[in-house]
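Down below is the structure, laid out as structure tokens.
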Amino acid sequence: MYSKIIASSVLLGATLFGAPSFASDKPAMLQQNSPVLVTSPVARVADVQTIDGIVAALYDVISGGIGQPRDWNRMRSLFIPEARIMAIGPKRDSKDLALRIMTVSDYIANSGPILIETGFREKELSRKTEVWGELAHIFTTYETNTEKSKTAQRGINSVQLMNDGTRWWIVSLLFEAERAQLSLPETYLK
């Protein structure tokens, strides 16, 4: 069913915006100009059958001690291939805010080495969930800890999910950390 959903949305996008088309013999395979073929690794059933499972897997996959490898294929298996991970935060040497937009592979390439080097761990403190039909939106309050610098930080992950009838997929993840001018209200800590 997921392939049909993606095929329908990409075909709609192709009609409206001149996006890439599908090969006629393989409707779920996107014809791309790039030689890179985007697919998702097979997910662990326990990771994607429930909202609790996929949120727990999201936190688990990026957490670990200094030098501990992460299972990046497990992370990729949680997200649709076109998913985005986005971060809101202050620009360097500025009070202005910026939005950083990454693919899952961008996140892994840019943040992965830092997570391993610093002994980064993230855990869920609380969650607010809204579900309607096959979509879910989650505000999950997190706390991060790094072994190397002995620092802790809190913030919110805003996670958008879809269920294709067989499993949950992360469509996008937008997060923002607390800072001096922005502290978490009590409602997101319960």
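Each reported figure results from applying straightforward, stated rules to the coordinates on display, with no laboratory input. Source: prediction; values computed, not measured. A quick note on method: Cβ atoms are made from the backbone with ideal geometry, for glycine too, and the neighbour counts reach across all protein chains shown.
What the table below lists for this structure:
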{"item": "Calculated from backbone phi, Karplus (6.51, -1.76, 1.60) coupling profile of region 95-108 in Hz, x at Gly/Pro", "result": "8, 5, 8, 9, 10, 9, 10, 9, 7, 4, 5, 4, 4, 4"}
{"item": "In sequence order, calculated HN-Hα J values of region 84-93 (Karplus, 6.51, -1.76, 1.60; Hz; x Gly/Pro)", "result": "10, 10, 10, 10, 9, x, x, 5, 4, 6"}
{"item": "Neighbour-limited loop hits for trypsin sites (Lys or Arg not before Pro), region 138-175 (at most 13 other Cβ within 10 Å; DSSP other than H, G, I, E, B)", "result": "K148, K150"}
{"item": "For R127, R100, order by how many other beta-carbon atoms lie within 10 Å, fewest first", "result": "R100, R127"}
{"item": "Positive minus negative residues near S126 (Lys, Arg vs Asp, Glu; Cβ under 13 Å)", "result": "+2"}
{"item": "Placed amide H near L125: partners under 5 Å, 5+ positions off or other chain", "result": "T141, Y142, E143"}
{"item": "Positive minus negative residues near I88 (Lys, Arg vs Asp, Glu; Cβ under 14 Å)", "result": "+2"}
{"item": "Footprinting exposure proxy for E122, E130, E143 (fewest neighbouring C-beta atoms within 10 Å first)", "result": "E130, E143, E122"}
{"item": "Entries of K95/K128; K123/K190; K123/K150 with Cα pairs more than 20 Å apart", "result": "K95/K128"}
